[in-house]
C-alpha cells in the first residue's frame, strides 16, 4: 500500500513525452486530452487520471496497465478528483488481485 505521505506526482498529458506512455494514458481518457492529468502508482501496476467532463464535473479513474478501469467516479473540481483518485490508487494492490477473478454478473 502507498504511504499517505508519498503522494504521486501529477503530470498534464501534454508533458508526457513517451509515445508508448501517451498511448496507454490516452486509452483511459473518455472526455478531454486537453484536461487529462495522470499520476503513476509507485509499483508501476496502475495509474490514476483526472479529466474534465464538462464545467463543474471532473472524472477520476484508476486504470491498470492492461487498460482496465479498476474504479472511477466524478467530482466537482480537479482538486477533489485528484484526492479521490489518490485514495483509490492507494488500494490498487487489493483491487489488482480482484481483477483476475471472473467479473460478477451485471443486472
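What follows draws every value from the coordinates through simple rules; no lab data is involved. The shown structure was predicted, so the numbers you read here are calculated from the model rather than taken from an experiment. Neighbour counts run over all protein chains shown; Cβ positions are idealised from the backbone, glycine included.
Would you work out the relative contact order for segment 11-99, in percent, from Cα pairs under 8 angstrom that are 6 or more residues apart?
With pairs under 8 Å counted, the relative contact order is 21 percent.
Counting other beta carbons within 10 Å of each residue's own, what order do 40, 79 fall into, fewest first?
Ordered from fewest to most neighbouring Cβ atoms within 10 Å, 40, 79 come out as 79, 40.
Shape of segment 11-99 from its Cα gyration tensor (a ≥ b ≥ c, root eigenvalues): rounded if a/c is under 1.5, otherwise prolate when a/b > b/c, or oblate? Intermediate results must be reported in sequence, preceding the final value.
Values: a/c = 1.81, a/b = 1.15, b/c = 1.57.
Oblate is the answer for segment 11-99, as a/c is 1.5 or above yet b/c matches or exceeds a/b.
Within 10 Å of each residue's Cβ, count the other Cβ atoms and sort 62, 71 from fewest upward. Each step should come with its number before you reach the end.
Details: 62 28, 71 18.
The most exposed by this proxy come first: 71, 62.
Hey, fewest Cβ within 10 Å first, where do 80, 72 land in order? Show your work: numbers first, answer last.
Numbers: 80 15, 72 18.
In order of increasing Cβ crowding within 10 Å: 80, 72.
Once a ≥ b ≥ c are taken as the square roots of the eigenvalues of the Cα gyration tensor of segment 25-64, is the result rounded (a/c under 1.5), prolate (a/b larger than b/c) or oblate (a/b not larger than b/c)? Show your work: numbers first, answer last.
Working: a/c = 2.69, a/b = 2.17, b/c = 1.24.
The shape class here is prolate.
Please compute the length gained on full extension between residue 35 and residue 19, using 0.36 nm multiplied by the number of residues separating them and subtracting their Cα-Cα distance.
4.0 nm
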